[in-house]
1. Thr140 fails exactly one of the following numbered conditions: (1) in contact (Cβ under 8 Å) with a residue 24 or more places away in the chain; (2) polar (S, T, N, Q); (3) surrounded by 15 or more Cβ atoms within 10 Å (Cβ to Cβ). What is the number of that condition?
2. Which pairs turn up if I take residues in region 201-220 that are closer than 19 Å to Lys170 by Cα and look for partners that are loosely packed, with under 13 Cβ neighbours inside 10 Å with beta carbon separation below 8 Å, at least 6 apart in sequence or on another chain?
3. Return a yes/no flag: does region 105-125 have any residue that is within 9 Å of the ligand (Cβ to nearest atom), in a strand (DSSP E or B), within 19 Å of Val80 (Cα to Cα) and touching a helix residue (DSSP H, G or I) at 6+ places or on another chain (Cβ under 6 Å).
4. Given the conditions (1) buried (at least 20 other Cβ atoms within 10 Å of the Cβ); (2) within 16 Å of the ligand (Cβ to nearest atom), report the number of the one that Ile97 does not fulfil.
5. Can you name every residue in region 137-178 that is within 14 Å of the ligand (Cβ to nearest atom) and assigned to a strand (DSSP E or B)?
6. Which residues, taken from region 143-155, are touching a residue at least 40 places away in the same chain (Cβ under 8 Å) and either of a type in the set (Val, Ile, Thr) or exposed (fewer than 15 other Cβ atoms within 10 Å of the Cβ) (or both)?
Amino acid sequence: MPVIRAIVPALTPGIIPSPKDAPLRTSRSHFLIFMETIIAYSHSEVVDFPCMKTLILYCSKTGNTKTYALDLAKAVDADVYPLKKLKPKKWLEYDTIVFGGWIMGGTIQGLDKFLQSWDLISDKNVIVFADGMGVPDSATRTALIEQNVLDIYHIRFYQLRGSFDFKKLKFPYSFLLNNTLIQMQKDPKQAETAKALESFKDCPLEYYDHEKMDRMISVIRSLAIEVPFEEKK
Ligand SMILES: Cc1cc2nc3c(=O)[nH]c(=O)nc-3n(C[C@H](O)[C@H](O)[C@H](O)COP(=O)(O)O)c2cc1C
């Protein structure tokens, strides 16, 4: 594992003055204080801090998930790739792996492919995030976890609200969505939702989930400084 090396001055008694020496210290010359510092550093030892590497993979159709993935990577100093672009054996070089996918009909796109390599990464910190136009709440979160069978994995999961722009959609997704809306309009229980979704065709929904992003960033940062169990004394 790569390490960050830090020089820690040895706290040799008598060399670094204790607070009770403070009055004495004020009467010392600057030269003496300078010499003490030099001596303290000459007794220093090199301490290794583990430097955890983070990888972010994403699957995005119209760019929202990509934006979240790139912003996350910048904030936590991670490497970032579209899921298709990095072979799973390369994932082994990382300690924390984040996968982000967009939601289509309740299914997190790309997640199946990502989890096909679960055996390779099961001992790592794994985070999954999904973004859709729906407002995240505990009911939709539970539904997403169930539909995507996430509960059988040891994974941290975040549901983010994303944007939606019908004009960015290409075939077959535009066709698929139109078709779904037609079907929904025929069902009295779904007609209202279909009407609301129709309105987004002319007026794109723009949303950036700062709250969930901040939460993910702080979790990834805390994982990055976590000392592996065997190194804790
Ligand atoms: C065909 C289609 C189906 C969608 N289904 C859902 C859905 O079930 N739930 C949801 O919250 N958002 C849904 N969305 C909205 C997208 O998930 C949302 O716009 C997402 O941010 C797109 O991410 P991307 O720009 O990375 O592709 C759907 C969008 C399309 C085009």
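1. (1)
2. What qualifies is Pro204/Lys167.
3. no
4. Checking Ile97 against (1) buried (at least 20 other Cβ atoms within 10 Å of the Cβ); (2) within 16 Å of the ligand (Cβ to nearest atom), the one that fails is (2).
5. Result: Tyr158, Gln159, Leu160, Arg161, Phe164.
6. Scanning region 143-155 gives a single hit, Gln147.
Each reported figure results from applying straightforward, stated rules to the coordinates on display, with no laboratory input. Just so you know, these numbers come straight off a predicted model, no measurement behind them. Counting neighbours? That spans all protein chains shown, and the Cβs are built from the backbone with ideal geometry, glycine included.
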